[in-house]
1. Would you mind calculating the relative contact order of region 54-163 from Cα pairs under 8 angstrom and at least 6 residues apart, reporting the percent as a whole number?
2. Could you sort the peptides 158-168, 144-154, 129-139 by per-residue average Cβ neighbour count (10 Å cutoff), highest mean leading?
Amino acid sequence: MKKIPFSLLGLLLCGCASAAQANIYAYTDSHGVVHLTNVPAGNSQYHMVMRTPKMPVAVARADFNQVARQQYQSLVRSAASRYGVSPALVNAVISAESGYNAGAVSPKGAIGLMQLIPATAARFGVANAFSPAENINGGTAYLAYLLRKFSGDLRLAIAAYNAGSNAVIQAGYHIPPFAETQAYVPRVLAFYQHYLNGTAPEQITAVTAKASPLPAPAAISTSPQLIQVSNP
């Protein structure tokens with residue numbers, strides 16, 4: 001594999017890490033183009049070139065980004081209206097999944113505000129899961145789908161958002177017996193009730209769910225999934 005000059009690689013890695021705060025992977029294709037990404041999505045050609053530490057879930061989710069939450073409300077209301085979902089539910093899922101950190105990346109590859117895995121993102125037309133607008137739109141569409149699938153049962157829809165529809169069905173249309181999901185459902189419902197009541201969600205301190213997001217960036221920005229660099 002051809003090598004990229006250290007200064008160039010360092011510059012690119014720093015830029016990518018500051019936006020998405022995730023491990024960086026690379027490979028060189030047959031044309032000599034170096035591909036860098038923070039989401040290899042199972043592509044065996046990539047190998048890790050930089051590891052970035054993840055902040056403990058409890059710390060990351062306990063510190064809500066107040067500014068981001070307010071800034072995203074127009075997107076939340078628009079998506080909620082489009083798909084017939086309560087804005088309080090969309091906010092509850094975002095609160096539990098990422099704490100309003102648009103750059104959150106889970107160990108399983110779930111991305112962004114509503115922690116969409118690549119397959120779900122593609123299914124609901126999300127090209128860039130780091131984009132707040134696309135992420136909220138796709139995540140809300142997915143919530144609407146789950147609510148229809150489970151006949152409006154909020155608990156089952158939330159459980160399916162965390163564990164998948166098949167897990168809920170295989171559990172006999174009950175919350176699956178997974179510790180993560182068993183804790184996730186009441187956490188989202190608690191956020192949901194707080195948003196309905198107009199009270200501060202920061203009062204909820206129990207931490208659970210699947211993602212391990214990193215601290216929210218000082219400035220809200222979207223992050224590209226793939227960077228390509230030509231060797232000199």
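Nothing in this text is a laboratory measurement; each read-out follows from the coordinates by a stated rule. None of these values were measured; they are calculated from a predicted model. Quick reminder, even Gly has a Cβ in these numbers, built from the backbone with ideal geometry, and neighbours come from all protein chains shown.
1. Answer for region 54-163 is 21 percent.
2. 129-139, 158-168, 144-154
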